[in-house]
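Note sheet for the following structure.
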Amino acid sequence: MYKNILLMLMIFTCGKNVIAQDLFISNLDSSINKCYPKILNAFIQQEIRQSEVTKNKAPFDTRLNSDVTQRDGNTYDTSYQKIAIEKRFYDSPITAYTGFDISNGYTPQYDSSQITSSQGREFVGLKLNLLSGFAIDKERLELYNSILDSDKARYEIELSKLLVKTDAIKAYMAWIISGAELKAYERLLVIAEKRQKALTKRFKQGDVSKISLTENYNYVLTRKIKVMAAKDYFNKTSLDLSMFYRDSNCEIETPNENFLPDELPKYKSLPNLDDTEEINAAIRNRPEFKVIETQLEQIRKEQEYAKTALLPKLEINLKYNQNNSPAATTNYFSINQQEAVVTANFSMPLERSYGKGLSSAASQKMTKLLNERKFLVDQVATKIKALHYTVNNTAERITLAESEYALSEKLVMAENQKINNGDSNFFMLNAREENMTNSYLSYLTGLYENYKADIEYNFLNGKNVNLNNM
């Protein structure tokens, strides 16, 4: 149907001087994914946040600790050496460690005695936070938040694509429609110029009057002005589109008339869906809601940390020592071969200001974010209903525009027949051609409004992330 409309209007130029390189939506989508700076920066931001995850894992890295002490004096004359491996687990409140230490001489280096074994000792142990920090502590909170930030960066990439590609497809449709309008005006001008040449020849032969020649030349001038205005608008839409369309080297490329696809896209219509179903689908698909969900999860982690920060601090250290010889460095003392040691450390800030401040701030941030989410849901719910109606309404208007064009085409054909029969009313013929072109332009306007509404509808549903799925 659209090919027939284009052929009947004869808006195609009669042969192009260069080979056409049609610009399709798939080209645009690929160009944006590969080259658009905002998208590339979103990927870089994801890498930065992944680096933050790596950095925040540092407190939970396996550590090698070593201590060496040499004491010389009237009271002590001894040396002490210790080496240990320690591992803290971010998903539990436990730190495990093991190692070896040895000293020489009379010195209070061990937990249970001032006397050391002659061959040193081996030890293994666990440290536990039982109250404050049992579920989460500051360093684990930073790690969890950085992991969620990394997840959020993936959704922000989708959001960047959604915003950029929505603008891009709008620019693409404006470019296509302006190109079709320009070709329609150019063809209308060609018809008037050809007729002017024919009338000039007939005027010289005395077949037509001077007024008919002048009147037709007036249409030539009018149509030239329209072509110039259409050309100016097409150049503007081409430059707008060039911000999104890049060549293989990611350099900006401004598409000219030779890039225009041969066929106009078919108008869109939407199936009748339940309002709740449409809104829920948009909430599931829109990247903003995914970003908000990760932010809510971060706040929940902060609330969890705030609760533990309100608790007293109780640290338990369970340790087992194995002495490597039964003899002490001082022979009049004896030491245990094996030894189990338990230590406890308890403290509590009486005002608990830190925990109270954290809890209050987290609650307020949660309320603020939930308000923002509700407002976004309300916006989506309001707009999606209106756009659903607009898409289907413009589709019906396009059908009427097609009927209007078909009727105007018949009138042009009838007027041409009258001219061929000797009824030389060139004023009416030009008017009929103008009306036929205007009815086609009405069709283009309807198609553009239909696509704008559909693009916005797909934006609300998060579908513009991939333009090839449109």
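Annotations for the structure displayed:
- Fraction of accessible area attributable to carbon and sulfur, the chain (%, probe 1.4 Å): 53
- For segment 250-265, 3J(HN,Hα) per residue [Karplus equation, 6.51 cos²θ - 1.76 cosθ + 1.60, θ = phi - 60°, Hz, x = Gly/Pro]: 6, 8, 4, 10, 8, x, 9, 4, 5, 8, 5, x, 6, 10, 7, x
- Adding -39500 (n - 2.57) for every DSSP H run of four residues or longer, then dividing by how many residues the chain holds, sets the calculated 222 nm ellipticity at -21500 deg cm²/dmol.
- Mean Cβ count within 10 Å, highest first, over the residues of peptides 134-146, 359-371: 134-146, 359-371
- Two-decimal Rg/Rh across segment 266-371, once Rg and the Kirkwood Rh are taken from alpha-carbon atoms: 1.44
- Applying a threshold of 31 Å to the alpha-carbon distances of LYS138/LYS319; LYS201/LYS236; LYS365/LYS452; LYS224/LYS410; LYS170/LYS368; LYS55/LYS82 flags LYS201/LYS236; LYS365/LYS452; LYS170/LYS368 as lying beyond it.
- Ratio Rg/Rh, restricted to the chain and using Cα atoms, in which Rh is the Kirkwood radius: 1.33
- GluC sites (Glu not before Pro) within segment 218-327, DSSP loop, no more than 11 other Cβ atoms inside 10 Å: GLU251, GLU263
- Dipole of segment 274-426, positive end: most advanced residue of LEU387, SER353, ASN371 [Cβ charges, Cα centre]: SER353
- Distance between the 7 Å Cα→Cβ label points at GLN196 and ASN324: 10.7 nm.
- Here the 3J(HN,Hα) profile of segment 125-137, calculated from phi with Karplus coefficients 6.51, -1.76 and 1.60 at θ = phi - 60°, is x, 10, 10, 10, 9, 9, 10, 4, x, 5, 7, 6, 10 Hz, Gly and Pro shown as x.
- For segment 265-399, accessible area per residue (1.4 Å probe, heavy atoms of protein chains only), Å²: 60
- Per-residue surface analysis assigns VAL380 an accessible area of about 0 Å², computed on protein heavy atoms at 1.4 Å probe radius.
The values are calculated or read from the model by the stated rules, or taken from the named source; none is laboratory data. Being a predicted model, the structure only gives us computed values, none of them experimental. Using ideal geometry, Cβ is built from the backbone for each residue, glycine included, and neighbour counts are taken over all protein chains shown. Keep in mind that these areas ignore ligands, DNA and RNA; they rest on the heavy atoms of the full protein, side chains included. Shrake-Rupley method; radii C 1.70, N 1.55, O 1.52, S 1.80 Å.
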